[in-house]
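Comments concern the structure below.
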Amino acid sequence: MLSSAIKSVYDVVVTLLLWSYYSVGFLLFFAPFYLAAYFFSQDCERSFQRLNHKFYRGFFFLLRLLVPWNKWRIQEEVLKIRSSVIVCNHVSYLDPILMISLFEKQKTIVKARFFRMPILRKVVELSGYIPSSSSGETLDMVARRIEDMDAYLASGGNLFVFPEGTRSRSGAVGKLNKGVFKIARFCRKPITVLFIRNTDKLFQPGRFLFHTCVSNIVSVQLLGTIEPDYQSVDFSITELTSRVRSLLEDQSAEVTV
């Protein structure tokens, strides 16, 4: 058994290595490819999404290598998802980058503050991601992204969204924002519901260091697909939101039992 002091030191070492990959590794190994995609790619958005996918796959490869006590169970059905509007619970900052690592062709809704950070703004903007706020200078961008979403989904891309908007610190499912369900209705697409477990035990909310020396299993599970009848006069965004919430709450209750 490792002593608590050794565990603490290992937490620090692993955290520094991972964030070094995230910052220095990006500048040294990935930034040149992003620049090449920006200047020479015929489909910049597609190229940026592919690079995001590869960058975060590298991050999780390193994480798995450095933290062998943590196991990963990603359902095969999850990896096969295409052309879908995906909603998922949210318990850790790892969740969005985990989703990017799973899907090569992906879009998501990003907090508006990231569009105010000079370098990061260009990455998320050129990746085709959607600002969470549709006011001010992002208004036209949001409108264009949603108008193009149907064609994007038809081409095999996925839109994944955490409708809670922020991480749950207790594991309980919070209030779901209806924005993603309105996008699904606009595109006439079904809703695919996923559930992430235990990323918060690996990278806890409010803690800078990774929690590396504990036995843990991170899993991503497909809960089901809801296919609303959008043409029906009885269709309700509120009812659709409630159905998704029920699926997520059932799984959340199983986790906490």
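A compact table of results
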{"quantity": "Selection from segment 23-49 of residues that are among the hydroxyl-bearing types (Ser, Thr, Tyr), surrounded by fewer than 19 Cβ atoms within 10 Å (Cβ to Cβ) and within 13 Å of Val123 (Cβ to Cβ)", "calculated": "Tyr38"}
{"quantity": "Subset of segment 168-188 (residues that are assigned to a helix (DSSP H, G or I) and either buried (at least 19 other Cβ atoms within 10 Å of the Cβ) or more than 18 Å from the chain's Cα centre (by Cα) (or both))", "calculated": "Val180, Phe181, Lys182, Ile183, Ala184, Arg185, Phe186, Cys187"}
{"quantity": "Pair list, Cβ < 7 Å and 6+ apart or interchain, from segment 211-236 residues that are on the phi > 0 side of the Ramachandran plot and at pLDDT 95 or above to residues that are buried (at least 17 other Cβ atoms within 10 Å of the Cβ) and not small (Gly, Ala, Ser)", "calculated": "Gly224/Val193; Gly224/Leu247"}
{"quantity": "Test: residue in segment 160-167 that is hydroxyl-bearing (Ser, Thr, Tyr), touching a residue at least 12 places away in the same chain (Cβ under 8 Å), farther than 18 Å from Ser83 by Cα and in a strand (DSSP E or B)", "calculated": "no"}
{"quantity": "Matching residues in segment 147-159 - criterion: being part of a loop (DSSP other than H, G, I, E, B) and buried (at least 19 other Cβ atoms within 10 Å of the Cβ)", "calculated": "Gly157"}
{"quantity": "Hey, Arg169 out of contact with any strand residue (DSSP E or B) (no Cβ under 9 Å at 6 or more places or on another chain), modelled with pLDDT under 95 and within 25 Å of Tyr22 (Cβ to Cβ) or not", "calculated": "yes"}
{"quantity": "Flag if Gly224 is over 23 Å from Ala154 (Cβ atoms) and of a type outside the set (Val, Ile, Thr)", "calculated": "no"}
{"quantity": "Strands (runs of 3 or more DSSP E) wholly inside segment 50-146 containing at least 3 residues that are more than 13 Å from the chain's Cα centre (by Cα), touching a residue at least 40 places away in the same chain (Cβ under 8 Å) and surrounded by fewer than 18 Cβ atoms within 10 Å (Cβ to Cβ)", "calculated": "70-74"}
{"quantity": "Every pair of residues 6+ apart whose Cβ atoms lie under 9 Å, when the first sits in segment 1-27 and is under 21 Å from Phe55 (Cα atoms) and modelled with pLDDT of 95 or more while the second is surrounded by 14 or more Cβ atoms within 10 Å (Cβ to Cβ) and hydroxyl-bearing (Ser, Thr, Tyr)", "calculated": "Val13/Thr212; Val14/Thr212; Thr15/Thr212"}
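The values are calculated or read from the model by the stated rules, or taken from the named source; none is laboratory data. Owing to the predicted nature of the structure, the values given are computational and were not obtained by experimental measurement. Counting neighbours? That spans all protein chains shown, and the Cβs are built from the backbone with ideal geometry, glycine included.
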